[in-house]
1. Give just the number: which of (1) farther than 27 Å from residue 224 by Cβ; (2) buried (at least 17 other Cβ atoms within 10 Å of the Cβ) does residue 129 not satisfy?
2. So if I check each of 163, 126, 219, which one is in a helix (DSSP H, G or I), within 19 Å of the chain's Cα centre (by Cα), farther than 16 Å from residue 249 by Cα and small (Gly, Ala, Ser)?
3. How many residues does segment 180-227 contain that are crowded, with 17+ Cβ neighbours inside 10 Å and among the basic types (Lys, Arg)?
4. Quick one: how many residues across segment 258-271 are more than 9 Å from residue 294 (Cα to Cα), modelled with pLDDT under 85 and not in a loop (DSSP other than H, G, I, E, B)?
5. Output the number of the condition that residue 302 fails; it satisfies all remaining conditions of (1) of a type in the set (Ser, Thr, Tyr); (2) under 20 Å from the mean Cα position of the chain (by Cα); (3) over 29 Å from residue 229 (Cα atoms).
6. Count, please, the residues in segment 349-399 that happen to be closer than 17 Å to residue 339 by Cβ, in contact (Cβ under 8 Å) with a residue 60 or more places away in the chain and among the small types (Gly, Ala, Ser).
7. Does residue 192 satisfy the condition of being in a helix (DSSP H, G or I), among the hydroxyl-bearing types (Ser, Thr, Tyr) and at pLDDT below 95?
8. Of all residues in segment 310-366 being touching a Lys or Arg at 6+ places or on another chain (Cβ under 8 Å) and surrounded by fewer than 19 Cβ atoms within 10 Å (Cβ to Cβ), which is nearest to residue 295 (Cα to Cα)?
Amino acid sequence: METSSTKSSIQSEGSLDSERASSKASSSSDFEASPPSRVHTHWLGFISALKKGPVSRLQTFQPTLSIPRFPRRKSKSVGDNVISAIDPVLDSDFYCIRSSWWNFSLAQIMDATDNFNHCNLIGQGGYSEVYKGLLPDGQIVAIKRLTRGSPEEMTADFLSELGIIAHVNHPNVSKIIGYGVDGGMHLVLPLSPNGSLASVLSGSKEKLSWDIRYRIALGTAKGLAYLHEGCQRRIIHKDIKAANILLSEDFEPLISDFGLAKWLPENCTHHTVTKFEGTFGYLPPEFFLHGMVDEKTDVYAYGVLLLELITGRLALDSSKQSLVIWAKPLLTKENIGQLVDPSLGDAYDSEEMDRMVLTASWCIHHSSAQRPQMSQVVKLLCGDQECIELANQCQSQRPTLQRVYSEEISDEKDYNSTKCFKDHNQRLQIA
């Protein structure tokens, strides 16, 4: 690998489309669009510009000069297909990426991963593979390579993730080192020696202390609150799970992998998916029932993450039993002893444990409307009395706000089953 990589910078000014939906209840869903091949063609200039990074700094890129406006339905919605992967373009006059990253050639990426040696494979999803890599300066990195889909789909997915990462800047959100578009779509990210929360919870012999677990819970909540409420445009991560929470050298959590993330337009309350995306064990009931995705999707997944921190168990165990189903009967102060990870013993702050258990219970509420905002979660974990009272009130009203517990448990078993996955896809196909 060469001793140095060149940087490229893309900058442009953004402004929101003047069109706004008349109804606050509008959703982001499928829409009629030009064939994917047309979209791919219009983005070829942008990809070519990225490849020229080593030669010169990139000029302002204005997609409205080369990308046609796509017909919209009356709801002014954005679809969950190849086009929607670059949906920020549809609602803004300029696609802005305000960052500078290293531009890696294919040869450099091959050198870093030892030709994508299988021994360096550290993660694999439905659409990508992640390899451990080593840069010439000794820095350990994670290199994500898109592997599934047509060239058009991979281009759209790559640009979507790149665009979202470019717009976020928070201590608890993972940064990006660079990219590579030579011979495929690649993202290069820093890789902490501590790995991910999943690797520490399931594979580490030395268990996490309580203060580190609480730090991870609070930091992740702050990162999600930023994505939902602190960004210029709302971002739904859609795949919050232990494997996507990286841990820095001092165990500060970093939310990573924005491959499924979506921008949620200001005028939309939710996004409607038309294909299965996400991870079993972390998905809320409304996803399977209606295909609905919004901030509360991330809130539910965060609640599952808290249960993993509290119990030391996985979201789905080896027998595919849901952690949520196992934990719900124990989410009371009287049963906390049965809930807590045995490896902790009594080495935890009881007040912090009470707050985390209360937060987890609130976040995994069966009704998405009753789940908190992530800013409320941050306050609750910090001991805000008003939020604690609100969470307790929500818990005390549970029987009147939803169906009886036995019915809920029956549903949640279905939500985390393979049968539900098949039924969900069948309903989407019929629709």
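1. In the conditions (1) farther than 27 Å from residue 224 by Cβ; (2) buried (at least 17 other Cβ atoms within 10 Å of the Cβ), residue 129 misses (1) alone.
2. Exactly one of 163, 126, 219 is in a helix (DSSP H, G or I), within 19 Å of the chain's Cα centre (by Cα), farther than 16 Å from residue 249 by Cα and small (Gly, Ala, Ser), namely 163.
3. 3
4. Within segment 258-271, residues that are more than 9 Å from residue 294 (Cα to Cα), modelled with pLDDT under 85 and not in a loop (DSSP other than H, G, I, E, B) number 1.
5. Every listed condition holds for residue 302 apart from (3).
6. 0
7. Considered against the rule, which asks whether it is in a helix (DSSP H, G or I), among the hydroxyl-bearing types (Ser, Thr, Tyr) and at pLDDT below 95, residue 192 comes out as no.
8. 325
The values are calculated or read from the model by the stated rules, or taken from the named source; none is laboratory data. Since the structure is predicted, the reported quantities are computational estimates derived from the model, not experimental observations. As a convention, Cβ positions derive from the backbone with ideal geometry for all residues, glycine included, and neighbour counts pool all protein chains shown.
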